[in-house]
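One structure below.
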Amino acid sequence: MNSNCYLFLGSAETVEASPELFEPIDRETRIYRSKAGPKRPLPSLQHPLKVPRFAHYEAPRHSQNHREGLDRQHIAALEQYAPPSILVDESHTVQHLSPSAGRFIMPSVGPLSSLATMLVRPELRVDLKLGLERALAHNEPTLSLPASVRFDGERRRVALHIVPTGGGDGAQRRVLVFFLDGGTMPEALPGADDASDDRADDTRQLREELSIAQERLSVSRTEHELSIQELRAANEELQSINEEYRSTSEELETSKEELQSMNEELQTVNAELKNKLAAISSAHDDLQNLMAATEVGTLFLDGELHIKLFTPEVARHFNITEADVGRSIADFTHRLVYDRVEKDALNVLKNLVPVETEVETKNGRWLMMRVRPYRTTEDRIEGVVVTFVDVTTRREAESQLRESEARYKSLFKSISEGFLLAELVSDDDGHVVDLCYADANPSAEKILAAKLKGALCSNATGHLPPEWLETAVRVAQTGESESHEIHLKERDQWLEVHLSPVANGDGKHRVAMLLQDVTDRKNWETSQQVLIGELNHRVKNMLTVVHFIARQTQAKSASREEFNEAFESRLIALAAAYDILTARQWTGADLRTLITKTLRPLVGESFAHVRFEGSDLALTSNAALPISLALHELGTNALKYGSLSVPDGNVLISWSLLQQEDNPGHHLLRLAWREVDGPPVKPAAEAGFGMKLLEEAVAWELGGTTELKLNDHGLTWCCEFPYDRPTSKGMKRDGENPHS
């Protein structure tokens, strides 16, 4: 610090905290002079540092290469003999290490940290942390007391020299830490035993640490005393400043009283002006907010149609700006598809009758234009007011509403479901007594077979059961929709009705009814139930027949192979009959088709020797199954033993209807199988399943008679049974299967 120099400070600044550096010349004006004196002494080390000194000399002026060589030699010498050091930033993070600083680094166990206080040896961490905080907080260098640090079994005295660097011109502040090696510490005398050596080492180590701690304590006490002195000086300075502030406050209080008196006079003078300005400002704000909130274009014109005022919305329709105030509106063009604005304004001034019309803009928008006379508070006419309100959305909504109504009416008339809108009719006491149809679509009139529009309330409930009045009242009162099915017995008609409440805000109770004729669906459900019953009956009969076939085939078969072949063949025939009946939904089977489907797969190429005689005739489902089994047995027998087993053999199948003599109006069906040009057929020793089926089972199932003959040309079989024509209801149940 330069001595005998002067320091000028502001009124809020002082250096009383450092009396050893400056002395006051004039406290009130904050003028100080620096003192000449020694700097604060630093504690000395126990062992002096052995740092080589280099003599200062004037470098000769040689070439540039020679100077660069000297610089490199100088830097190399500094790296070799200078103390090891590390560079630390403001966050205590190590930024750089000198080449020989590695011996003072010993990270803690655990995750590796870049903090300097966690990387140096444990004996140096406390001094390093205190020095870094002082260097960064007060920008002061620190030289710590030597600490005992063990290097590979050898104890050495190490001190830390911590110097703040940087910080100027916005540069980041950093701290340079030097590790000063003070040499080795004395070891124990040789010749002592091991126990004595250990105790001596521990004692010596404790004494050294105690000595170092005492030295540190002494330094801390010295610093503490200096801090107390600085605080005492600062306290005296603060007291002096407080006195000055008190004096200044008294002066300000006096000035405040004078200003207050002047302010009271000014307030009295300006009171009326403020009130007027406040009223004008409030009115102006109200007007501005009104025009901005309404988003209505408003144009004020005087008696000569000159512009007085307009809102920003008007500028979207007329080519005017703020600079055009005072000019005639007729001088400007506009974006309206309307050329009578000036004429309407003149008519309003003349007749004082407002004009209101909808005009279209050139970009397709619609505006409601209103022209009204401008009246003052004295009821004087001083111009006109023209307002423009955008009604495009309203017009579009009206157009959409009209289209929606048209679509609704079209849909209302075209839907297949009937729609009724009924209104509850109450008496004088508030009790609901009837329904009045307010509206109905053509489908509702078609479903109920009545003209409902304009129907009298007394006749309204005549189209539905009386209990529906209670249902409509319940829906209207609870507000909950209901769905029901009703049966109109007089027309054998089923209706599905959905009732929903309708509220129009006029206090009247209305109920919407959606009617759907479900008679066909009900009939279909009934037929489905009948069909399921018939299907169960047919499945039961089929299983009975299969069981009967299996039992009889097994009883007449000599081996398993014979049983399998016969049983499979008969099941195929039964399946063919079921296919025919299923294709016709079990309403019957064509006899010619039944014969063809049964015999063609069985006889193969021999089917060409089978001839038919008879008109088209249909069998019921009860008759089709046994006839199919009988034909299968006859075809199998003819193919193995009869006329189809020889090349020239033929089979003639004929059928006809005969009038029953004892029951006029009813017929018998006569079906005959006759083999021609076949080998002679002899009766078997025991009748098999086929013969038993032909002679007994078919006749018993059909309720008729059978006749079987064997001759030299083949087999002849004939059966007669009552004939029933198939109906759309399906199979006629004459009784249970006799085989069950």
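Observations on the structure shown:
- Residue check for residue 308: closer than 18 Å to residue 388 by Cβ, at pLDDT below 90, over 47 Å from the mean Cα position of the chain (by Cα) and of a type in the set (D, E, K, R): yes
- Some residue of the stretch 228-238 being farther than 30 Å from residue 388 by Cα, of a type in the set (Asp, Glu) and at pLDDT below 85: yes
- For the stretch 104-120, the tally of residues that are touching a helix residue (DSSP H, G or I) at 6+ places or on another chain (Cβ under 6 Å) and in a loop (DSSP other than H, G, I, E, B) stands at 2.
- Residue in the stretch 285-303 that is on the phi > 0 side of the Ramachandran plot and not in a strand (DSSP E or B) present: yes
- In this structure, residue 297 does not satisfy being more than 59 Å from the chain's Cα centre (by Cα) and within 30 Å of residue 370 (Cβ to Cβ).
- For the stretch 609-620, the criterion of a residue being in the same structural domain as residue 706 (by TED's automatic domain parsing), farther than 21 Å from residue 670 by Cβ and in a helix (DSSP H, G or I) is satisfied by at least one position.
- Which numbered condition residue 217 fails, given (1) surrounded by 13 or more Cβ atoms within 10 Å (Cβ to Cβ); (2) at pLDDT 70 or above; (3) of a type outside the set (Ser, Thr, Tyr); (4) under 16 Å from residue 127 (Cβ atoms): (1)
- Tabulated pairs, the stretch 667-685, first exposed (fewer than 15 other Cβ atoms within 10 Å of the Cβ), second modelled with pLDDT under 85 and not basic (Lys, Arg), C-beta under 7 angstrom, 6+ apart or interchain: 677/713; 680/712; 682/710; 683/710
- Qualifying residue in the stretch 693-709 (condition: among the hydrophobic types (A, V, I, L, M, F, W, C), at pLDDT 80 or above, crowded, with 18+ Cβ neighbours inside 10 Å and on the phi < 0 side of the Ramachandran plot): no
- One residue from 299, 346 being touching a helix residue (DSSP H, G or I) at 6+ places or on another chain (Cβ under 6 Å) and either surrounded by 13 or more Cβ atoms within 10 Å (Cβ to Cβ) or closer than 28 Å to residue 364 by Cα (or both): 299
- Residue 131 falls short on exactly one of the conditions (1) under 25 Å from residue 214 (Cα atoms); (2) without any contact (Cβ under 8 Å) to a residue 40 or more places away in the chain, and that condition is (2).
- Listed by first and then second residue, the pairs linking a residue in the stretch 475-491 that is closer than 11 Å to residue 511 by Cβ to a residue that is acidic (Asp, Glu) and part of a strand (DSSP E or B), with Cβ atoms under 8 Å apart and 6 or more places separating them unless they lie on different chains, are 475/482.
- Per the conditions (1) surrounded by fewer than 18 Cβ atoms within 10 Å (Cβ to Cβ); (2) at negative phi; (3) not aromatic (Phe, Trp, Tyr), the sole criterion not satisfied by residue 119 is (1).
- When the criteria are applied in full, residue 359 meets the requirement of being among the hydrophobic types (A, V, I, L, M, F, W, C), farther than 24 Å from residue 287 by Cα and not in a helix (DSSP H, G or I).
- Search result, residues across the stretch 314-356 that are among the basic types (Lys, Arg), within 15 Å of residue 388 (Cα to Cα) and in a helix (DSSP H, G or I): 316
- On the stretch given as the stretch 443-489, residues that are at pLDDT 75 or above, assigned to a helix (DSSP H, G or I) and not polar (S, T, N, Q) total 7.
Residue by residue, here is whether (1) farther than 22 Å from residue 375 by Cα; (2) not assigned by TED's automatic domain parsing to the domain that holds residue 389 holds:
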position	(1), (2)
253	yes, yes
303	no, no
314	no, no
317	yes, no
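For (1) assigned to a helix (DSSP H, G or I); (2) at pLDDT 75 or above; (3) in the same structural domain as residue 631 (by TED's automatic domain parsing); (4) under 23 Å from residue 674 (Cβ atoms), each residue gets a yes or a no:
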{"site": "547", "(1), (2), (3), (4)": "yes, no, yes, no"}
{"site": "563", "(1), (2), (3), (4)": "yes, no, yes, no"}
{"site": "571", "(1), (2), (3), (4)": "yes, no, yes, no"}
{"site": "574", "(1), (2), (3), (4)": "yes, no, yes, no"}
{"site": "578", "(1), (2), (3), (4)": "yes, no, yes, no"}
{"site": "581", "(1), (2), (3), (4)": "yes, no, yes, no"}
{"site": "585", "(1), (2), (3), (4)": "no, no, yes, no"}
{"site": "592", "(1), (2), (3), (4)": "yes, yes, yes, yes"}
{"site": "600", "(1), (2), (3), (4)": "yes, yes, yes, yes"}
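The values are calculated or read from the model by the stated rules, or taken from the named source; none is laboratory data. In this text the structure is predicted, and so the values were computed from the model without any measurement. Note that we place each Cβ from the backbone using ideal geometry, even for glycine, and neighbour counts take in every protein chain shown.
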